[in-house]
Amino acid sequence: MVDVKGSAKTGMTVTVLYFAALRERIGRETQELAIPPEGLVVSALLARLGAADARAASALAEEPRLRVAVNHALCTMDDLVRPGDEVAVFPPMTGG
Amino acid sequence: MVDVKGSAKTGMTVTVLYFAALRERIGRETQELAIPPEGLVVSALLARLGAADARAASALAEEPRLRVAVNHALCTMDDLVRPGDEVAVFPPMTGG
Amino acid sequence: MPKAQAVHVAVQEAPFDVAEEMERLSALSMLAGGVSLFIGQVRGGDGLISLTLEHYPGMTEKVMQALAGEAMERFDLLGCTLIHRVGRLEVGQQIVFVGACAAHRGTALSATSFLIDRLKTGAPFWKKEEYAGGSTTWVQARAEDDAAASAWDSP
Amino acid sequence: MPKAQAVHVAVQEAPFDVAEEMERLSALSMLAGGVSLFIGQVRGGDGLISLTLEHYPGMTEKVMQALAGEAMERFDLLGCTLIHRVGRLEVGQQIVFVGACAAHRGTALSATSFLIDRLKTGAPFWKKEEYAGGSTTWVQARAEDDAAASAWDSP
């Protein structure tokens, strides 16, 4: 299932954002990641991020309680990410 | 047991205060009531107030949940009132 | 700071200043992590014009001071404030201010609930309602207020 | 007044004004009987100098707006306010403002607890602590905060 609007805008990529300790350990705030036109589940996307970058691999592995949001909504490891989506990866939230 | 200080000041009486709906029904804020030197339990004191004043009798009888404070502390019907005490009689409190 | 200084209790006709009371509480200690406030105001409806609050001078202050002291110990507060207005108050005007300052939010919030629940039924205040048309009626004690207050009896 | 107007949500670096926010809430309706507020501030101790708050712009506002809407329905509020500061805040400075206005005290107080419990673990904020000497550390999520937030899941 192809998100035509997303793929047209982004060329089959997603924008990945890192926050807080994860952002610091990985050493960057954001990156573009190519994904298949039909999309990818969150767990597979995280594996690709780790495969592409050793610092990301160790940072993601060291955070026992990763949180992922797709287009500003928290999601599970089994949710589908499609081209054009904004994916944020971060440690548990500590507001208030 | 005689409260010498109290009796000297008040001549074997207690000061009774009424509040809120009770004060309005009885038609007065305060009265002095003579009591025995050895004191009186609260229930007996209320009976004397009623015996001395028909409006007090009906007002006290009509309030199903009378509250009594002796010297600013809530008390039960069995607590002792001594000469010189300040006794307040009122309906349930409705603050806040 | 000794705990006595951290308790502020008042019965007054004048309005209170929420910002001033907030400042008093939040400045009590650098260990303060949260301040919880509750402000009760005259709720309109059914043609209500005003409430007139009567109290028992002398007893009221003692009860409020004791209540504040109990909250300080029970919830390990850094400070608390109880202000209750008396006299005639119109719809929308503020009646009561309860505030608690603590290291953690949970105790500050619980203390505030405790204080307002106990203040409702345990301090000698009475409210008389005035309606459009001139009729007046004394507010009756509500069983649910008694229940809320006594729910704090068993910890 | 439509409920949408009764919700006020903000993420900002600037301080908030407790008196102004109180006024906004208490003036929402003549049916308001109580306003409950919680203000979180940077708790000192152990040499802590400051917190720096980071958030996820775009998502934060949506989460806070949804949380406020949920509280409006669940507690039958007349209005509620959520303000969260970001950036560097020193010990004693205010971080978060939660307010709820309701006909009755119980719902206002419960809504305030609900909102701060959910805000702690459900909105994308993160805190970095700075200590005397220059060391820094990210605040770790606490199991008791998760428990407090999920206690609201089963009504």
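The values are calculated or read from the model by the stated rules, or taken from the named source; none is laboratory data. These numbers come from a predicted model, not from an experiment. Here the Cβ positions follow ideal geometry from the backbone for every residue, glycine too, while neighbour counts run over all protein chains shown.
Observations on the model:
- Of the residues making up region C:47-57, none is more than 10 Å from every other protein chain (Cβ to nearest Cβ) and of a type in the set (D, E, K, R).
- Residues of region B:25-45 classified as loosely packed, with under 15 Cβ neighbours inside 10 Å, closer than 29 Å to C:Thr137 by Cα and of a type outside the set (Ser, Thr, Tyr), total: 4
- Residue within region C:132-140 that is part of a helix (DSSP H, G or I) and at the interface with another protein chain (Cβ under 10 Å from one of its Cβ atoms) present: no
- Region B:42-96, residues that are more than 14 Å from every other protein chain (Cβ to nearest Cβ), without any contact (Cβ under 8 Å) to a residue 60 or more places away in the chain and part of a loop (DSSP other than H, G, I, E, B): B:Asp53, B:Thr76, B:Met77, B:Asp78, B:Asp79
- Failed item, numbered, when D:Gln65 is tested on (1) in contact (Cβ under 8 Å) with a residue 60 or more places away in the chain; (2) farther than 20 Å from A:Pro91 by Cβ: (1)
- Subset of region A:19-42 (residues that are under 18 Å from A:Glu86 (Cβ atoms) and of a type outside the set (A, V, I, L, M, F, W, C)): A:Arg23, A:Arg28, A:Glu29, A:Thr30, A:Gln31, A:Glu32, A:Pro36, A:Pro37, A:Gly39
- Residues (within 23 Å of D:Arg24 (Cβ to Cβ) and crowded, with 21+ Cβ neighbours inside 10 Å) located in region C:12-40: C:Val18, C:Glu21, C:Met22, C:Leu25, C:Ser26, C:Gly34, C:Val35, C:Ser36, C:Leu37, C:Phe38, C:Ile39, C:Gly40
- One residue from C:Asp17, C:Asp46 being modelled with pLDDT of 95 or more and not polar (S, T, N, Q): C:Asp17
- In this structure, B:Ala61 qualifies as within 24 Å of C:Ala123 (Cα to Cα) and modelled with pLDDT under 95.
- All positions within region D:40-77 that are acidic (Asp, Glu) and more than 16 Å from the chain's Cα centre (by Cα): D:Asp46, D:Glu73, D:Asp76
- Within region A:16-26, the residues that satisfy the criterion of being more than 16 Å from D:Lys128 (Cα to Cα) and more than 9 Å from chain D (Cβ to nearest Cβ) are A:Val16, A:Ile26.
- Take the conditions (1) within 11 Å of chain D (Cβ to nearest Cβ); (2) free of Cβ contacts under 8 Å to residues at least 60 places away in the same chain; (3) over 28 Å from D:Ser50 (Cβ atoms); C:Phe38 misses just one of them, which is (2).
- Failed condition for C:Asp146, given (1) more than 22 Å from D:Phe114 (Cβ to Cβ); (2) more than 7 Å from every other protein chain (Cβ to nearest Cβ); (3) touching an Asp or Glu at 6+ places or on another chain (Cβ under 9 Å): (3)
Residues checked against (1) surrounded by fewer than 20 Cβ atoms within 10 Å (Cβ to Cβ); (2) under 22 Å from C:Ala32 (Cβ atoms); (3) touching a residue at least 12 places away in the same chain (Cβ under 8 Å); (4) among the hydroxyl-bearing types (Ser, Thr, Tyr):
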position	(1), (2), (3), (4)
C:Ala71	no, yes, yes, no
C:Gly79	no, yes, yes, no
C:Gly92	yes, no, yes, no
C:Val98	no, yes, yes, no
C:Thr107	no, yes, yes, yes
C:Thr112	no, yes, yes, yes
C:Thr137	yes, no, no, yes
C:Gln140	yes, no, no, no
C:Ala151	yes, no, yes, no
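- Here region C:82-131 is the region considered, the condition is being more than 10 Å from chain B (Cβ to nearest Cβ) and among the aromatic types (Phe, Trp, Tyr), and the residue that is farthest from the chain's Cα centre (by Cα) is C:Tyr131.
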